[in-house]
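Report on the following structure.
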Amino acid sequence: GPPVGVLALQGNVAEHLDALRACGADARAVRRAGELEEVAGLVLPGGESTTLSKLLVAFDLLEPLRARLADGMPAFGSCAGMILLAREAIDARPDQHQLGALDVVVRRNAFGRQTESFETDLSVTGIRGGPMRGVFIRAPWVESVGRGVDVLARIPASISGPASGKVVAVRQGPVMATAFHPEQTGDARLHDLFVTRVRESVAATR
Ligand code: GLN
């Protein structure tokens, strides 16, 4: 199949490479513009969005990545990756760059600074065979979505407090993002969906 990249500047890179390989993908670490050119889709892992934003600039990847996304490259962001893909991030450092590939506003560290991690089962649109375990680590949530954005998952109403019902997975055309970490659970169903989407997008442009 087509090469699928994982942005390998910082964060949970190895786990995403493993998950993609478990789905049969030709998974590759992407650190340079030349490596970005070779992949047909890109995972943006969780980590720290301010650091990732700085490293995108330092590695001369920010504009090439914006160009690939504008050109319709499939992308899958988790946590900090979701923050970077968003049009706007509330409570991000003012100098943090946004890729603007998702017409959403996210709130960084939304579950509260004290809330290091939080887990719950999630029903995810497009994922068959039962709920996915949502692992949230200093995670954002989505405050608002634009017209072209599909909501794929919300924090269940059974969870009380401000997180209840918040949007935690979205898709806009070829770009998908989750506030949680699907690479931490051994459940590769979202990676599988993404790999399939990358294959379809390559087939469609031939
Ligand atoms: N809180 C981090 C940020 O703002 C994201 C945490 C994560 O990716 N696990 O970038």
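Could you work out the relative contact order of the chain? I mean the mean sequence separation of Cα pairs under 8 Å and 6+ apart, divided by the number of residues, in percent.
Working: 448 pairs, mean separation 42.1, N = 206.
Dividing the mean separation by the residue count of the chain yields 20 percent.
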_Rounded Å value of the spacing that divides the Cα centres of region 127-143 and region 6-74_ = 21
_Report D for region 1-80 in µm² per second (integer): Stokes-Einstein, Kirkwood Rh on Cα pairs, 25 °C, 0.890 mPa s._
198
*asked:* Let me spell out the model: positive unit charges on the Cβ of Lys and Arg, negative unit charges on the Cβ of Asp and Glu, origin at the Cα centre of region 1-107. What dipole size does that give, in debye rounded to 20?
replied: 80
*Using a simple charge model, +1 on the beta-carbon of Lys and Arg, -1 on the beta-carbon of Asp and Glu, nothing else, what dipole does the chain show about its Cα centre, in debye to the nearest 20?*
280
*How big is the Kirkwood radius of region 3-204, worked out from every pair of different alpha carbons and given in Å to one decimal?*
16.5
_Top positive-direction residue, dipole computed over region 3-204 with Cβ charges, set 49, 151, 17_ = 151
*Filtered GluC sites (Glu not before Pro), region 48-134: DSSP coil and at most 15 other beta carbons within 10 Å*: 48, 116
_Over the chain: helical MRE at 222 nm, DSSP H runs n ≥ 4 each giving -39500 (n - 2.57), nearest 500_ = -8000 deg cm²/dmol
*asked:* Please check: in the Gaussian network model of the chain (C-alpha springs, under 10 Å), which one of 157, 25, 89 has the largest mean-square fluctuation.
replied: 157
_7 Å from Cα along Cα→Cβ at both residue 58 and residue 91: what's the point-to-point distance in nm?_
2.6
*What do you get for Rg/Rh of region 134-206 when both radii come from the Cα atoms and Rh is the Kirkwood radius?*
1.03
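Any read-out appearing in this document is the output of simple, stated calculations on the displayed coordinates, not a laboratory observation. Predicted, not measured: the structure shown is a model, and the values here were computed from it. Ideal geometry is used to build each Cβ from the backbone, glycine not excepted, and the neighbour counts take in all protein chains shown.
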